[in-house]
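Each reported figure results from applying straightforward, stated rules to the coordinates on display, with no laboratory input. Bear in mind that the values here come from a model prediction, so they are computed numbers and not experimental data. Please note: Cβ atoms are built from the backbone with ideal geometry, for glycine as well, and neighbour counts cover all protein chains shown.
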Amino acid sequence: MHGDASSDDALALRKRSRWLVRLVWLLGVVLATTVVGYVTTHPDELPTTEGVVTASSPAGRPVFVGVFATSNDFGRSIDISGVKVFATAPGPVTITPHLCRGGSVGVTTDPTPFCAELVDTEGATMQAGDEIVLEVVGEVPGAIAIDRVRVAYRDDFQWGTQRAGLPAVVTILGS
């Protein structure tokens with residue numbers, strides 16, 4: 001009779017220890033998943049710049065405005081999955097982001113002399129010395145206020161969507 005009681009105690013102890021091991025294992029998995037999730041979705045911030053780029057263009061004619069340039073010591077290579085542009089305008093406006101490889105554009109009507117290559121931002125890799133340039137075409141006279149671009153990108157095993165560069169104001173002139 002005494003043997004039966006200790007056998008029941010040992011069995012109860014084994015059940016409790018299995019439950020405790022499973023709980024510790026589950027907490028470890030949750031903690032590891034949380035850390036990995038945080039690290040992969042929190043890359044270093046992209047640089048922003050104080051000031052505003054200003055430009056003007058006749059209605060219906062494109063103007064190219066450089067809004068996010070990487071320095072020569074950028075030290076990163078980011079794979080862009082998209083660039084979002086938020087703007088307020090007095091009428092219809094088309095804003096197309098481009099990546100200027102190996103060059104820099106302030107404000108111009110023709111970016112080709114300033115860029116080794118002008119490509120679509122989606123799927124492009126941005127490196128030191130590259131710049132995001134917005135092609136702006138307004139149809140109605142007035143000021144177009146453009147917020148900092150939001151760049152969706154991957155940097156090695158990290159990814160994020162962050163504001164970058166500086167805002168712009170493009171004045172569309174009457175014809």
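Between residue 74 and residue 88, with labels modelled 7 Å along Cα→Cβ, what's the label distance in nm to one decimal, could you check?
The modelled label-to-label distance comes out at 3.1 nm.
To the nearest 20 Debye, how big is the dipole of segment 102-175 about its Cα centre, given +1 on the beta carbon of each Lys and Arg and -1 on that of each Asp and Glu? Write down the numbers at each step before the final one.
On the way: 4 positive and 11 negative charges, 64 e Å.
Dipole size: approximately 300 debye.
Report the extension gain between residue 161 and residue 96 in nm, rounded to one decimal, defined as 0.36 nm multiplied by the number of residues separating them, less their alpha carbon distance. Mind dumping the intermediate values first?
Working: separation 65, 0.36 × 65 = 23.40 nm, distance 1.80 nm.
Extra length from residue 161 to residue 96 when fully extended: 21.6 nm.
List residues of segment 146-175, by number, whose backbone nitrogen lies under 19 Å from a label position 7 Å along Cα→C-beta of residue 104.
Flagged as within label range: 149, 164-169.
What's the magnitude of the charge dipole for segment 33-164 around its Cα centre, counting Lys and Arg as +1 and Asp and Glu as -1 at the beta-carbon? Answer in Debye, nearest 20.
Numbers: 8 positive and 16 negative charges, 56 e Å.
It works out to roughly 260 debye.
How charged is the neighbourhood of residue 105? Take every other residue with its Cβ under 13 Å from the Cβ of residue 105, and add Lys/Arg as +1 and Asp/Glu as -1. All intermediate terms of the calculation are to be shown ahead of the outcome.
Details: positive: 101; negative: 110, 117, 130, 131, 135.
Cβ neighbours under 13 Å give a net charge of -4.
Hey, what do the phi angles of segment 64-79 turn into as Karplus ³J(HN,Hα) couplings, whole Hz, using 6.51/-1.76/1.60 and θ = phi - 60°, x for Gly and Pro?
With the stated coefficients, segment 64-79 comes to 9, 10, x, 10, 8, 10, 8, 6, 5, 10, 3, x, 9, 10, 10, 8 Hz.
Angle between the Cα long axis of helix 2-40 and the longest principal axis of the chain, 0 to 90 degrees, nearest 10?
Approximately 10 degrees, to the nearest ten.
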